[in-house]
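The values are calculated or read from the model by the stated rules, or taken from the named source; none is laboratory data. None of these values were measured; they are calculated from a predicted model. Counting neighbours? That spans all protein chains shown, and the Cβs are built from the backbone with ideal geometry, glycine included.
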Amino acid sequence: MSTLDWRARAGTPLRGTLSMPGDKSVSHRAVMFAALADGVSQIDGFLEGEDTRATAAIFAQLGVRIETPSPSRRVVHGVGIDGLRAPDGPLDCGNAGTGMRLLAGLLAAQRFDSVLVGDASLSRRPMRRVTVPLVAMGARIETGQGGVPPLRIHGGQSLVGIEHTLEVASAQVKSALLLAGLYAHGETVVREPHPTRDYTERMLAAFGVAIDYRPGDARLRGGQRLRATDVAVPADFSSAAFFLVAASIVPGSELCLKAVGLNPRRTGLLQALRMMGADITEACGGMHGGEPVADLVVRHAPLRGIEVPEALVPDMIDEFPALFVAAACADGPTVVRGAAELRVKESDRLGVMAAGLRTLGLRVDETPDGATIHPGALAGGEITSQHDHRIAMAFSVAAQRATGEVLIRDVDTVATSFPGFAELARAAGFGLD
């Protein structure tokens, strides 16, 4: 067996107070915006994951000095909105779709050419949703065959602001257009069919950009400068999601998850779990860097199947693997619709989660944009994660209710978003080797 596999099985009731890693989406943006700002910014709570380190390394290639005085801390010496330098080679985003899409918007406006590349998984992900509107702004970007990476971005273009309505709600595409809009002539307006996460809007405002935003609509004028500011990154809700579900489904469990980011465009899973009957309370609320945070206390509770409201889907798009596990342990079927976006994430998450739950003995009926999960007793079995970090972690949670051992293959990518997950899970009571 490879060292990049897990053997997972039922452990003990989950207990303790846990600190999740920093929010990945906020960490990406904090480094980007600090790099573009005038002055020196300090970032605390930075996620020490492969994805976010890749973004920091890219800005170092672009001429930004970034210091690491201690783990999870970065000191970024901003070069200003017009101070990036031409890189000496391709810019490797690793597995980070967020990094690549946001950088496409930012680099489309630079004076120099650049090439964005990624790992095998990222190199299969669609990029036309971001390149097409950027081209409409005046960018010149070439993709691989089928609209996938690498992205070859030609510098020296004059961008103009546009009004663009996204066909599919995507915080990454919205953010790319807003970043390009910082350099464009006139106003850039982005509208969405459903509101998505507003991390970019909140953080641009924190860095001094005049931006008008409300759910489903964001606009800014080009020509603005960013001013340095210190950022405290909240704990990552997507990381907390696995422990929220695990403590909900393992009898006798009670966990406290510290200072978790509760951006309202991020917490659809929290609402869905509460609809299912989960016992999750909030304490010690406050704000970190413009983002709401709170401690989450979760206790075991019997869950019931629900029809997940489609309005919640954009606000929980990264948490569906965890939701599928909760649904597998609920009383009655759970129905998901309107989640076609899951088929083009790091893996086809609808297909891979459905196949894995079937391997463990459940019936799952797939549709093009969702699934119906019929709960039942979970057996042991062998799961292929398709090198998708959230799939791997989700099945480690499912194994805590399985009657046999679950072998989870190819868990190497967990380090992209949650380094130390296995150690933290074991400390809380997971059976996981």
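As an exercise: evaluate Gly351 against (1) more than 25 Å from Val414 (Cα to Cα); (2) touching a strand residue (DSSP E or B) at 6+ places or on another chain (Cβ under 8 Å) and give the number of the one condition it does not meet.
Evaluating Gly351 over (1) more than 25 Å from Val414 (Cα to Cα); (2) touching a strand residue (DSSP E or B) at 6+ places or on another chain (Cβ under 8 Å) leaves (1) as the failure.
I need every pair where a residue in the range 361-389 that is over 26 Å from Trp6 (Cα atoms) has its Cβ under 7 Å from the Cβ of a residue that is of a type in the set (Phe, Trp, Tyr), sequence separation at least 6 or different chains.
Short answer, once both residue conditions are applied: none.
Determine the pairs where a residue that is in the same structural domain as Pro133 (by TED's automatic domain parsing), located within the range 160-186, has a partner that is basic (Lys, Arg) and in a helix (DSSP H, G or I) with Cβ atoms under 6 Å apart, the partner being 6 or more residues away or on another chain.
Pairs that qualify, where the first residue is in the same structural domain as Pro133 (by TED's automatic domain parsing) and the partner is basic (Lys, Arg) and in a helix (DSSP H, G or I), are Gln172/Arg101; Val173/Arg129; Ala176/Arg101.
Where in the range 1-97 are there strands (runs of 3 or more DSSP E), lying fully within it, with 1 or more residues that are over 30 Å from Leu378 (Cα atoms), free of Cβ contacts under 8 Å to residues at least 40 places away in the same chain and out of contact with any Ser or Thr (no Cβ under 9 Å at 6 or more places or on another chain)?
65-67, 73-79
Being at pLDDT below 95, in contact with a strand residue (DSSP E or B) (Cβ under 8 Å, 6 or more places away or on another chain), buried (at least 17 other Cβ atoms within 10 Å of the Cβ) and farther than 28 Å from Leu342 by Cα is the filter here; which residues of the range 282-311 pass it?
His288, Gly289 - these are the residues of the range 282-311 that are at pLDDT below 95, in contact with a strand residue (DSSP E or B) (Cβ under 8 Å, 6 or more places away or on another chain), buried (at least 17 other Cβ atoms within 10 Å of the Cβ) and farther than 28 Å from Leu342 by Cα.
So for the range 354-362 (the condition being in the same structural domain as Ala311 (by TED's automatic domain parsing), touching a helix residue (DSSP H, G or I) at 6+ places or on another chain (Cβ under 7 Å) and assigned to a loop (DSSP other than H, G, I, E, B)), does at least one residue qualify?
Looking for residues that are in the same structural domain as Ala311 (by TED's automatic domain parsing), touching a helix residue (DSSP H, G or I) at 6+ places or on another chain (Cβ under 7 Å) and assigned to a loop (DSSP other than H, G, I, E, B), one finds at least one in the range 354-362, hence yes.
Quick one: would you say Leu342 is under 22 Å from Ser170 (Cα atoms), modelled with pLDDT under 95 and crowded, with 16+ Cβ neighbours inside 10 Å?
In short, yes.
Of these, Ser347, Ser238, which one is among the polar types (S, T, N, Q), at pLDDT below 95, in a helix (DSSP H, G or I) and crowded, with 17+ Cβ neighbours inside 10 Å?
Ser238
With respect to Glu142, determine if the residue is in contact (Cβ under 8 Å) with a residue 24 or more places away in the chain and not hydrophobic (A, V, I, L, M, F, W, C).
For Glu142, the condition - in contact (Cβ under 8 Å) with a residue 24 or more places away in the chain and not hydrophobic (A, V, I, L, M, F, W, C) - is not met.
From Pro333, Pro314, grab the single residue that is under 21 Å from Met276 (Cα atoms) and modelled with pLDDT of 95 or more.
Residue meeting the stated conditions: Pro333.
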